[in-house]
Every structure is written in structure tokens, then in C-alpha cells.
Amino acid sequence: MENFKSNISQEEINSLCPELLLIRDFLSTDEEEELLAQLDNGEDCQWDDRLSRRVQHYGYEFDYASRKAFSEHPMVPFPSRAKEALNKAATVLPEAAGYNQLTVNEYLPGQGISSHIDTHSCFGDTMVSISLAADIGIRFIPASEKLDSRERLSLWLPRRSLLIMKGPSRFAFKHAIPLRKTDCVDGVVVNRIRRVSLTFRSIRLPAVCRCQWPDACDSQDLELEPTRIPIRPPLAVTMTKV
């Protein structure tokens, strides 16, 4: 188990994963509590439990089977507290004001996410993620032959933090959250508790990427491996039929 440093500097982060920006204490404790309360109990917020972890989708829903967005279906409005958080993120990253897709993930102890790059052809050039309720460790692993494969980053994400991915950190690094119930932070083993993340992105229309990382880009040289996730209809369609 790798050891995460809670006080890693921005300079050290960028020496291993260029153009990745971590802003600690981005949200206040009140903003965190209000956002969590709305996601868990809001009239227009509902968890989808059809995957191994619970998720919510707003704007355009992401299809995990095809790794594309259901862009032909109506957009679901962002929850008001999530929109406020996005507006705050736009003060740091102005293009975030135009984001039209939000995925909310719930991670319980023992849950995580396998190593991946958010699909180039589906999502835009930048993305932001906000952590709620708990800290977590995340790995960034080079995915292009243009990068030194030894430059791996183990990053400790504090609750209420904002993570901005652009440039190489967005296009040329895979990221993953290991599936386990504990992490090692500053040499101390800590138990995981429930964490909720909000990932804001923009959908590419048309779905074509022309970045400078062709061997990591599904619009260019990279052929995506098939997933084991079954094809399913959009949640909005399912809810309408009910």
C-alpha cells in the first residue's frame, strides 16, 4: 500500500503530473453540508444503483457501456447547490461556466474506480472534481509513451477540495481510486468512510478529439477495450416509463 502525503505541495504535484491543480478547502463546511443534504434528500436528486456504486447524472447522462453521453436525450438540470459550487469553480477556471455534464459518485469503504482516462471523444479539454464527506487517495499513471512511465503520482484528496484536470493531467494520465477499506497517510493507516464526489465536464459535440496525445486518444490511435458493463437505457427514459 502506497503512503500518501497530506501536505504535498503544488510544485511536487506538477513535477509528477503536469497541469493538475489541487485547491484545498475550496468549499466551506456549510457549503459541503448543504450540498450533501440536497444530493441525499432533494426532491429532484435520486441515486442510481444499477452499477457497483451509486451515481447521479445531471446535464447529459454518461453511458458507462459505450463511454459516450446520451446527448440525444434532454438534459437534466443541475441541483441548485451543485450549480453554486460550479459557479464558484468558474472563478478559478472560467471555462467551467459552460460545463453541461455532472456525475456524482458515492464511494463506500472498499469501493473505488479502475484506472482510466475520461473518454477524449466524449468530454472536453478540462474537468473539475469536488470531494465531499471524506478524504481519499487517488493515483495518476502515465498513459502515453511521450511521458516517463516512472512519473506516477499518489495524491491525497482532502474533503471539500477542488481538483482541476487539464493538459497532460486530463489527456495523458490515467487516474484510479484503489478498491480497499484503508489508506496509509503520512505513515498512519486510516479507515475509509463514505465519500461523495462531483465531477463536472463538458460534452464534445461532435464527439471528436484532436489533442497532442494520439496514443491515449480514442479519436486517434487508441482503441478502447470493451467494458463488461451491460448496455442500458438512459435513466431519464427509465424514469419517464415508470
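Some points to look at:
- A single member of Ala85, Ala96 is assigned to a helix (DSSP H, G or I), in contact with a Ser or Thr (Cβ under 9 Å, 6 or more places away or on another chain) and either surrounded by fewer than 19 Cβ atoms within 10 Å (Cβ to Cβ) or not hydroxyl-bearing (Ser, Thr, Tyr) (or both), and it is Ala96.
- Output for the stretch 129-160, where each listed residue is of a type outside the set (A, V, I, L, M, F, W, C) and assigned to a strand (DSSP E or B): Ser129, Ser131, Gly137, Arg139, Pro142, Ser154
- Ser197 being among the small types (Gly, Ala, Ser), buried (at least 19 other Cβ atoms within 10 Å of the Cβ), within 16 Å of Asn105 (Cβ to Cβ) and in contact with a Lys or Arg (Cβ under 9 Å, 6 or more places away or on another chain): no
- Qualifying residue in the stretch 170-183 (condition: closer than 18 Å to His120 by Cα, assigned to a helix (DSSP H, G or I), under 19 Å from the mean Cα position of the chain (by Cα) and modelled with pLDDT of 95 or more): yes
- Residue list for the stretch 32-52, filter: surrounded by 15 or more Cβ atoms within 10 Å (Cβ to Cβ) and in contact (Cβ under 8 Å) with a residue 60 or more places away in the chain: Glu32, Leu35, Leu36, Leu39, Asp48
- Condition met for Ala133 (at pLDDT 95 or above, among the aliphatic types (A, V, I, L, M) and within 23 Å of Asp63 (Cα to Cα)): no
- In the set (1) small (Gly, Ala, Ser); (2) surrounded by 14 or more Cβ atoms within 10 Å (Cβ to Cβ); (3) in contact (Cβ under 8 Å) with a residue 60 or more places away in the chain, Ser28 fails one condition alone, (2).
- So Phe173, is it surrounded by 16 or more Cβ atoms within 10 Å (Cβ to Cβ) and closer than 17 Å to Glu2 by Cα: no
- The residues listed here are Leu108, Leu155, Leu163; of these, the one that is buried (at least 20 other Cβ atoms within 10 Å of the Cβ), among the aliphatic types (A, V, I, L, M) and within 26 Å of Pro79 (Cα to Cα) is Leu163.
The values are calculated or read from the model by the stated rules, or taken from the named source; none is laboratory data. Worth saying up front: this structure is predicted, and the values here are computed from it rather than measured. FYI the Cβ positions are ideal-geometry reconstructions off the backbone, even for glycines, and counts take in every protein chain you see.
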